[in-house]
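Written below as structure tokens is the structure these notes are about.
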């Protein structure tokens, strides 16, 4: 896959990591996002603010560690809110849209690197 067609965060990783390390970082990020987004959704459904803030904090860290800025910023905004005013599920849905886009980007990059689709 040509660098210009990669998501910006993958291009940035490729500038400082070997292809093997980029692959490993993307696999780790994918696993973290799947687990943590599930935690976030359960917390939002249960209206558990403490767990919700914890999950968004963890997603923020995972996203920030590899440069997924839009996801990092959305999580940072969510975890620093003082009051959710019944908006926790809507906020979680917005973050999930960004998580799903990031997972789709990862799948495309990993598929191109391995020559087979990823799940």
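Is it the case that segment 78-87 has a residue that's under 26 Å from residue 14 (Cα atoms) and crowded, with 19+ Cβ neighbours inside 10 Å?
Taking segment 78-87 first, the residues under 26 Å from residue 14 (Cα atoms) are none.
Looking for residues that are under 26 Å from residue 14 (Cα atoms) and crowded, with 19+ Cβ neighbours inside 10 Å, one finds none in segment 78-87, hence no.
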> Counting just the residues of segment 7-18 that are assigned to a helix (DSSP H, G or I) and surrounded by 12 or more Cβ atoms within 10 Å (Cβ to Cβ), which one comes out nearest to the chain's Cα centre (by Cα)?
Replying inline: 9
> Residue check, residue 67 against (1) under 25 Å from residue 12 (Cα atoms); (2) at pLDDT 95 or above; (3) surrounded by 14 or more Cβ atoms within 10 Å (Cβ to Cβ), all met but one. Which one?
Replying inline: (2)
> Looking at (1) modelled with pLDDT of 95 or more; (2) surrounded by 14 or more Cβ atoms within 10 Å (Cβ to Cβ); (3) closer than 20 Å to residue 47 by Cβ; (4) more than 10 Å from the chain's Cα centre (by Cα), can you tell me which one residue 95 breaks?
Replying inline: (4)
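The values are calculated or read from the model by the stated rules, or taken from the named source; none is laboratory data. In this text, all values refer to a predicted model and were calculated from it rather than measured experimentally. Note that we place each Cβ from the backbone using ideal geometry, even for glycine, and neighbour counts take in every protein chain shown.
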